[in-house]
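I am attaching a structure below and will ask some questions about it afterwards.
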Amino acid sequence: MPPRSASKPSKKRSNPDSVTSSATGPVPSASSKKKASKEVDGTDKLFDKYANASSGVIDPEGIEKLCSSLEVPHTDIRILMLAWRMKAERQGYFTKGEWRIGLKALKVDTIGKLKKALPELEKEVREPLNFRDFYAYAFQYCLTEDKQKFLDTETICQLLDMVLGSTFRAQVDYLIDYLKIQKDYKVISMDQWRGFCRFCNEISFPDMTNYNLELAWPSILDDFFEWLREKQA
Amino acid sequence: MSSSQSREPITIEDGFKLIDAAVTKLTRIIEGKPEPPFLPEEYIGNYTIVYNMCIQKPPHDSSGPLYEKYGAILQAYDKLTILPSIMEKHDEYMLREVSRWWEINKIMVRWLSHFFYYLDRYYIARNGIPSLTVVGMTCFRDHVYEKVHFNVKQVVIALIHKEREGQQIDRALLKNVLDLFVQNGMGNMERYEKDFEDFFLTETNSYYSRKASSWIQEDSCPEYMIKAEESLKKEKERVSHYLHSDTEPKLVANVQTNLLVLVAKQLLEKENSGCSALLRDDKTDDLSRMYRLYHAIPQGLEPVAVAFRLHVTAEGNSLIKQAEDAATSGIVEEQVLVRKIIDLHDKYMAYVTDCFQNHTLFHKSLKEAFEIFCNKKVAGSSSAEMLATFCDNVFKKAANDKSNDDSTIESTIDNVVKLLDYISDKDLFAEFYRKKLARRLLFGKFSDDHERSILTKLKGQFGGQFTSKMEGMVTDMQLGKDQQTGFEEYLKNANTGKPKGVDFTVTVLTTGFWPSYKTSDLNLPLEMVNCIESFKAYYEIKTKHRRLMWIYSLGNCNLTARFDAKPIELIVSTYQAAVLCAFNHTERLTYQELIDQLNLSHEDLVRVLHSLSCAKYKFLKKEPASKTISKTDSFEFNSKFTDKMRRIKVPLPPVDDRKKVVEDVDKDRRYAIDASLVRIMKSRKVLPHQQLVSECVEQLSRMFKPDIKMIKKRIEDLITRDYLERDTENPNTFKYVA
């Protein structure tokens with residue numbers, strides 16, 4: 001799960017290697033009993049397993065449990081991809097409706113099936129057109145307030161790592177270094193966020209010979225470029 | 001004419017014999033040998049022979065042979081008489097021979113044509129063959145001209161060289177000879193050009209190339225130019241004396257290229273005498289000559305304009321450096337600098353209008369030069385600020401010293417407006433100017449005429465928007481006077497009298513026009529409170545729907561302080577007055593008590609107390625008597641104070657607002673950039689990044705030079721605010737979001 005903005009209390013990450021308690025075991029027996037019934041029921045039952053009884057939604061704790069069941073780290077990109085599939089609106093929470101959408105799209109109704117479906121999901125998301133949408137979604141998802149348009153740089157660093165880290169390791173590492181050192185930008189906008197992805201895709205690295213300061217790259221990337229150039233000299 | 005039937009036909013043999021005899025006589029005559037002239041009968045007789053021979057019935061009609069004969073006569077003459085004579089001679093003598101035989105030939109051809117005239121009328125016309133004159137000319141050309149022109153040309157060029165080196169030559173002879181070249185072209189200039197002119201120009205080229213090389217080494221720039229001018233003059237004279245007029249443009253271009261164009265850089269940059277030195281030393285004649293010479297060459301003025309620009313820039317830069325150096329050693333010479341720049345401008349503008357004939361290229365160079373150094377900072381102040389301070393000083397002095405006549409002020413104002421044109425941060429100037437204008441209007445004497453005059457000129461140059469606020473301020477002062485009169489009337493009529501006997505003047509400022517001032521919740525002494533209240537009442541009657549905001553920090557006050565020795569009138573700010581009045585009721589007050597009583601900010605109170613107790617005049621005694629104010633100090637009215645003056649003005653040192661001005665202007669610029677970007681995108685709908693940026697810069701250039709980085713950031717901000725978006729296909733293009 002992508003980490004939330006500072007205003008929310010941070011949850012400790014679950015140990016990715018731990019085998020969790022039976023309450024959230026990989027193949028809960030409850031759902032297999034319901035396998036014979038309608039799929040929706042199975043999905044709903046699965047939902048109830050993780051949902052908070054009083055609020056009726058899966059809250060951060062529930063998501064943590066889910067992660068354990070799926071044997072996926074709390075901060076893994078695949079959870080974000082799942083959220084994207086569900087079109088989840090609020091970071092850290094899945095509503096029943098969103099849950100249904102997501103699982104239906106993946107054609108699963110058990111934890112086991114869901115776990116098996118994850119690689120497929122990842123492949124789908126990484127398709128260029130989908131990835132563009134997913135990438136923007138990742139930013140959107142982290143916005144917590146109503147009219148909020150910016151994310152703080154710390155969140156961005158973690159998001160970058162999660163979303164682009166596997167494909168563009170070098171760029172991401174340098175970007176994160178830069179974001180931590182610089183003092184001009186305390187928050188990042190959607191346009192700048194999109195710029196990072198474009199940068200990784202289009203600019204050869206680490207030489208950056210095809211970067212052009214005269215074009216419409218967001219200023220933060222101009223500053224990053226100049227900073228890196230100086231470092232390389 | 002008797003009929004031919006009565007005669008025997010003339011045989012060719014006989015006819016030719018007669019003709020030959022006539023020709024022999026003719027040649028003797030035209031060569032100047034002793035020979036009696038043709039008698040009229042002889043003349044007619046010659047013509048008749050030809051005539052008869054032509055009209056004879058075949059086989060005796062001899063037009064053809066006669067035509068041939070004519071040509072043969074001339075050919076023989078050319079080859080056997082003319083050519084050998086010429087070949088015998090050399091140099092100038094040869095030229096004379098050529099000239100002489102050319103004339104003789106012309107006469108020969110003319111006479112012979114008369115004899116053979118009948119051929120021209122029928123035989124030639126009927127057969128479409130060259131006329132007698134043409135045959136004659138062609139003959140000379142082929143048998144004489146072609147053989148001698150090379151040598152002739154050599155001699156001519158040698159003579160020209162001699163003349164160039166200062167010797168006298170026979171110009172008339174050359175004119176004749178060169179005319180020969182032209183004539184032998186028989187209708188076009190080819191012979192003249194190929195057989196003479198080309199060689200002449202080549203020779204000229206090397207001649208002037210050599211001269212240029214040696215002169216450029218030996219002579220100073222002015223000396224060289226004089227020689228160049230002289231050479232051009234001489235060459236033009238040469239054309240009028242003996243060269244064909246077609247040669248003139250080619251000759252002039254040739255000389256100019258060698259003497260002026262190829263050496264331009266060396267010449268203009270000559271140390272101690274080049275363009276720079278001439279400008280420095282006021283050598284107007286030499287500069288005018290330079291202009292004249294280079295103006296005649298296409299694009300010739302460009303190197304001169306460049307040299308001019310470089311020189312002016314260097315002069316300007318050195319002034320800036322001087323000021324910088326002075327500043328580092330502690331002397332602040334900003335005002336001197338502005339005056340020096342104005343003088344520099346006058347000096348070099350004079351060059352542009354006089355020596356350089358007001359040519360646009362030089363106006364441009366001057367502008368470019370000034371734009372370079374006028375935008376440099378000196379000791380942290382921008383040129384915009386310096387100029388505003390300069391104006392402030394000029395006006396303050398003028399208002400205080402009425403003896404300054406108006407024309408100097410007016411010309412200074414003109415100079416300021418001119419200089420402002422070169423400064424890119426005009427909005428920064430406007431803001432500094434506005435702040436200082438406010439001070440002048442509120443705190444000192446000012447001349448309404450002068451203030452309005454500069455505003456009119458600025459408006460004319462930079463538009464109404466530039467000056468609208470300032471004009472509003474000056475108008476406010478005018479209205480304020482009327483209002484004050486009204487207020488005093490009101491006090492009289494309302495029978496309230498002066499509140500507690502205090503004379504009170506209010507100046508109402510229209511908020512938008514004036515710089516923003518902080519209000520403070522100063523607790524006024526009672527006397528002042530009454531004044532405020534009575535004005536409030538008056539104002540409410542006069543106008544509804546307007547709120548008054550009292551700016552006590554700008555007010556001033558005349559107090560009478562009753563010291564033991566003698567009462568002294570103190571002219572102080574309202575804040576200072578409030579502090580002093582606090583001592584009307586108590587002898588001693590601590591800092592804390594003062595803060596509580598007056599409700600001033602710490603910053604303000606410290607400043608005020610310092611000016612009253614630690615500065616030149618110590619109206620208050622401070623305990624402890626240190627040089628700075630601390631919160632634990634206490635103060636007492638210094639009744640022992642006295643001074644020889646009966647009236648003391650206590651200035652409150654102004655807070656340095658340079659930083660604030662720069663911040664305010666930066667903020668306004670951000671709005672201006674936003675507005676410009678939105679305006680452009682609204683009308684263009686879709687626009688690539690670079691175009692958007694350049695249009696934005698263009699739009700705003702009247703007021704300031706926008707920073708490209710700032711524009712980029714504003715674009716990103718507008719994207720976040722959903723005014724613009726990037727095109728999905730091409731992220732370097734923006735689209736307007738309706």
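The values are calculated or read from the model by the stated rules, or taken from the named source; none is laboratory data. Please read all numbers here as calculations on a predicted model, not as lab measurements. As a convention, Cβ positions derive from the backbone with ideal geometry for all residues, glycine included, and neighbour counts pool all protein chains shown. With ligands, DNA and RNA removed, areas are computed over all heavy atoms of the protein, side chains included. Shrake-Rupley method; radii C 1.70, N 1.55, O 1.52, S 1.80 Å.
Which loop-located trypsin sites (Lys or Arg not before Pro) does region B:477-548 contain, where loop means any DSSP state but H, G, I, E or B and the Cβ has at most 16 other Cβ atoms within 10 Å? Intermediate values should be presented prior to the final figure.
On the way: sites: B:481, B:492, B:500, B:518, B:536, B:542, B:544, B:546, B:547; in loops: B:518, B:544, B:546, B:547.
When the trypsin sites (Lys or Arg not before Pro) of region B:477-548 are filtered for loop state and at most 16 Cβ neighbours within 10 Å, B:518, B:544, B:546, B:547 remain.
Something else about it: With the solvent-accessible surface defined on protein heavy atoms using a 1.4 Å probe, which residues belonging to region A:178-226 display a reduction of at least 40 Å² in accessible area in the multichain context relative to the isolated chain?
Buried by the other chains: A:191, A:198, A:214, A:215, A:216, A:219.
Which entries of B:33/B:89; B:283/B:705; A:104/A:147; A:149/B:659; B:397/B:542; B:69/B:147 have Cα-Cα distances beyond 26 Å here?
Over 26 Å Cα-Cα: B:283/B:705; A:104/A:147; A:149/B:659; B:397/B:542.
Something else: Provide the three semi-axes, in whole Å and in decreasing order, of the ellipsoid equivalent to region A:67-128 as defined by the square roots of 5 times the Cα gyration tensor eigenvalues.
Calculated on Cα positions only, the semi-axes equal 15, 14, 13 Å.
Further, regarding this structure: Can you list residues whose amide H is under 5 Å from residue B:590's amide H, if they're 5+ apart or on another chain and H is modeled 1.01 Å from N?
For residue B:590, whose amide H was placed from the backbone, the distant partners under 5 Å are B:635.
Could you state how much accessible area is buried at the B-A interface, both sides summed, with a 1.4 Å probe, in Å² to the nearest 100?
Approximately 1400 Å² gets buried when B meets A.
Another one. Hey, got a sec? Which GluC sites (Glu not before Pro) in region B:185-240 land in a DSSP loop and have at most 15 other Cβ atoms within 10 Å? Please list the in-between numbers first.
Values: sites: B:190, B:193, B:197, B:203, B:218, B:223, B:229, B:230, B:235, B:237; in loops: none.
Hits after loop and neighbour filter: nothing returned.
Cα atoms only: what Rg and Dmax, in Å, come out for region A:113-233?
Values for region A:113-233 (Cα only, Rg and Dmax): 15.2, 52 Å.
For the Cα atoms of chain B, what angle does the longest principal axis make with the long axis of helix B:146-164, in degrees from 0 to 90, nearest 10?
40
Which of the residues in region B:702-735 lose at least 40 Å² of accessible area when you go from the chain alone to all protein chains together (probe 1.4 Å)?
Listed by number, the residues meeting the 40 Å² cut-off are B:709, B:712, B:713, B:716, B:720, B:726, B:731, B:732.
Could you tell me the convex hull volume per residue, in Å³, taken over the Cα atoms of region B:136-264?
96
Carbon-plus-sulfur fraction of the accessible area of region A:124-188, 1.4 Å probe, in percent?
53
Something else about it: Taking the radius of gyration and the Kirkwood hydrodynamic radius from Cα positions alone, what is the Rg/Rh ratio for region A:55-165, to two decimal places?
Details: Rg = 13.6 Å, Rh = 14.4 Å.
Taking Rg over the Kirkwood Rh, I get 0.94.
Now for a different question. Write down the accessible area per residue of region A:162-228 in Å², having rolled a 1.4 Å probe over the full set of protein chains.
I get 43 Å² per residue for region A:162-228.
Taking a 1.4 Å probe, which of B:686, B:529, B:148 shows the most accessible area, and what order do the others take after it?
Numbers: B:686 75, B:529 50, B:148 5 Å².
Ranked list, largest accessible area first: B:686, B:529, B:148.
Another question, if that's okay. Considering only C-alpha atoms, what is the centroid distance from region B:392-425 to region B:102-181, in Å?
76
As a check on your grasp of the helix formula, calculate [θ] at 222 nm for chain B: sum -39500 (n - 2.57) over DSSP H runs of n ≥ 4, divide by the residue count, round to the nearest 500.
Calculated from helices alone, the mean residue ellipticity at 222 nm is -20500 deg cm²/dmol.
Per 20 Å bin, what percent of the C-alpha pairs of chain B does each bin hold, from zero upward?
Going from the shortest bin to the longest, the percentages are 12, 25, 21, 15, 13, 9, 5, 1, 0.
Write down the Kirkwood hydrodynamic radius of region B:552-664, to one decimal in angstroms, obtained as one divided by the mean of 1/r over all alpha carbon pairs.
Taking every pair of different Cα atoms in region B:552-664, averaging 1/r and inverting gives 14.6 Å.
Can you work out the accessible area per residue across chain B, with the rest of the protein chains kept in place, probe 1.4 Å, in square angstrom?
Per residue, chain B has an accessible area of 52 Å².
Also, I was wondering about something else. With only alpha-carbon atoms in the gyration tensor, what are the semi-axes of the equivalent ellipsoid for the protein assembly as shown, in Å, largest first?
Details: eigenvalues 1857, 613, 128 Å².
Ellipsoid semi-axes (Å, largest first): 96, 55, 25.
Have a look at region B:341-481 and give its Rg and Dmax from the Cα atoms, expressed in angstrom.
Taking only Cα atoms of region B:341-481, I get Rg and Dmax of 16.0, 52 Å.
At a 1.4 Å probe, what is the % contribution of carbon and sulfur to the accessible area of chain B? Write down the numbers at each step before the final one.
Details: 19930 of 38320 Å².
Carbon-and-sulfur percentage of accessible area, whole number: 52.
Residue by residue through region B:658-669, what is 3J(HN,Hα) from phi via Karplus (6.51 cos²θ - 1.76 cosθ + 1.60, θ = phi - 60°)? Round to whole Hz and write x for glycine and proline.
4, 4, 5, 4, 4, 4, 4, 5, 4, 5, 4, 5
Between region B:528-570 and region A:76-122, what is the C-alpha centre distance in whole Å?
74
Quick one: the Cα spread of region B:604-738 along its three principal axes, in angstroms, biggest first?
Dimensions of region B:604-738 along the principal axes of its Cα atoms: 83, 31, 22 Å.
Also, quick follow-up: Determine by what factor the alpha-carbon radius of gyration of region B:497-606 differs from 2.2 N^0.38 Å, reporting the quotient.
Numbers: Rg = 15.5 Å, N = 110, 2.2 N^0.38 = 13.1 Å.
That works out to 1.18 for region B:497-606.
Here is a follow-up. On a 0 to 90° scale, report how tilted helix B:360-373 is relative to the longest principal axis of chain B, with both axes built from alpha carbons and the result rounded to the nearest 10.
30
Could you quote the convex hull projected area for region B:1-120, Cα atoms only and averaged over all directions, in nm²?
With the hull built on Cα positions only, its mean projection is 8.0 nm².
Hey, which aspartates and glutamates would be in cross-link range of residue B:627, C-alpha to C-alpha under 19 Å, not counting anything within fewer than 8 residues on its own chain?
List returned: B:603, B:604, B:636.
Expressed as an acute angle from 0 to 90° and rounded to the nearest 10, what is the orientation of the C-alpha long axis of helix B:247-256 relative to the principal long axis of chain B?
Once rounded, the angle reads 40 degrees.
Once Rh for region B:346-389 is found with the Kirkwood sum over Cα pairs, what is the Stokes-Einstein diffusion coefficient at 25 °C and 0.890 mPa s, in µm²/s?
For these conditions, the coefficient is 210 µm²/s.
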